[in-house]
Amino acid sequence: MDYAIMTGGDVAPMGREGVSAIHKVFDWAGTSRRGLLLFLDEGDAFLRKRSSEVISEDMRAALNAFLYRTGEQSHKFMLVIASNQPEQFDWAINDRIDEMVEFDYPGDDERERLVRLYFDKFVLQPATQGAKRLKVAQFDYGTKCSEIAKRIEGLSGREISKLGVAWQAAAYASEDGLLTETMVEERVEDAIKQHKKKVSWQMEQQSQPEQERKLLAQYRSSKDLSAVNPRTSDHKS
């Protein structure tokens, strides 16, 4: 089976050409003799709700073209859409999805394997190659990786990989190029704090629409009350 990868963010800058590009992609997908897997990453970038989201006419037209080309089952291609915010999808997009697969945050075992993987990739391997200016102090690496995995519950795989990069950067930034256990701990604490901050930002962002709806309801209620009880104190007999 052939495959192709595109991102939702590629559609918006195309403006009026977005509709033609969507049709070209699906026309090309139908020419594969072995079948085609079309992977659309960050699909929410242009497959947003038409009823509530403020989108341009060009984006709306591109979305309608996408809906037109995916309205029926096809034996020539399979469409896979990836998104971190599937709740933003237009309902017609949700109606076209046959199966949803959720990739949750890494569990205990997954986190430990990831920590060991990135500690080896970004710290141990460069230290043993000898060509790079990086050394590692003596401590129990395996035990330390297990301890870290238990403390970083909630971190994504990408955040854990960045933790490995942070360990390497800390060693290179030191005077002697030595990564100590204390430096490892400091980078872990930084990663945990940054994660908590991101979570708080996300919670604030999610609560914002609800607050706006409440303010709008209060505003409409006050307007209705004013219409029912108009002021008469300024009128003289």
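The values are calculated or read from the model by the stated rules, or taken from the named source; none is laboratory data. The structure displayed is predicted, hence computed values, not measured ones. In this analysis, Cβ positions are derived from the backbone assuming ideal geometry, glycine residues included, and neighbour counts consider all displayed protein chains. Surface areas here come from the heavy atoms of the whole protein model, side chains and all, with no ligands, DNA or RNA. Shrake-Rupley method; radii C 1.70, N 1.55, O 1.52, S 1.80 Å.
Packing, taken as the mean count of other beta carbons within 10 Å per residue, orders the peptides 101-113, 175-187 from highest to lowest as 175-187, 101-113. Within the same chain, aspartates and glutamates fewer than 8 places from residue 197 are excluded, and of the rest, those with a Cα less than 15 Å from its Cα are 153, 159, 189. Close amide H partners of residue 37, meaning residues 5 or more places away or on another chain with modelled amide H under 5 Å apart, are 2, 3, 4, 78. Full extension of the segment from residue 151 to residue 82, taken as 0.36 nm per residue of separation minus the current Cα-Cα distance, would add 22.0 nm. Residue separation of residue 41 and residue 54 scaled by 0.36 nm, minus their Cα-Cα distance, works out to 2.6 nm of gained length. Surface composition of region 1-109: carbon plus sulfur atoms hold 50% of the accessible area, using a 1.4 angstrom probe and ignoring ligands, DNA and RNA. Accessible surface calculations at 1.4 Å, restricted to protein heavy atoms, place region 22-171 at 63 Å² per residue. Pairs of Lys residues in region 15-168, spaced 8 or more positions apart or belonging to different chains, with C-alpha separations under 21 angstrom: 11 in total.
Compute the Cα gyration tensor for region 1-115, then decide on rounded, prolate or oblate, letting a ≥ b ≥ c be the square roots of its eigenvalues: rounded whenever a/c is under 1.5, prolate when a/b is larger than b/c in the other cases, and oblate in all that remain. Show your work: numbers first, answer last.
Working: a/c = 1.95, a/b = 1.30, b/c = 1.49.
Oblate, since a/c reaches 1.5 and b/c is not below a/b.
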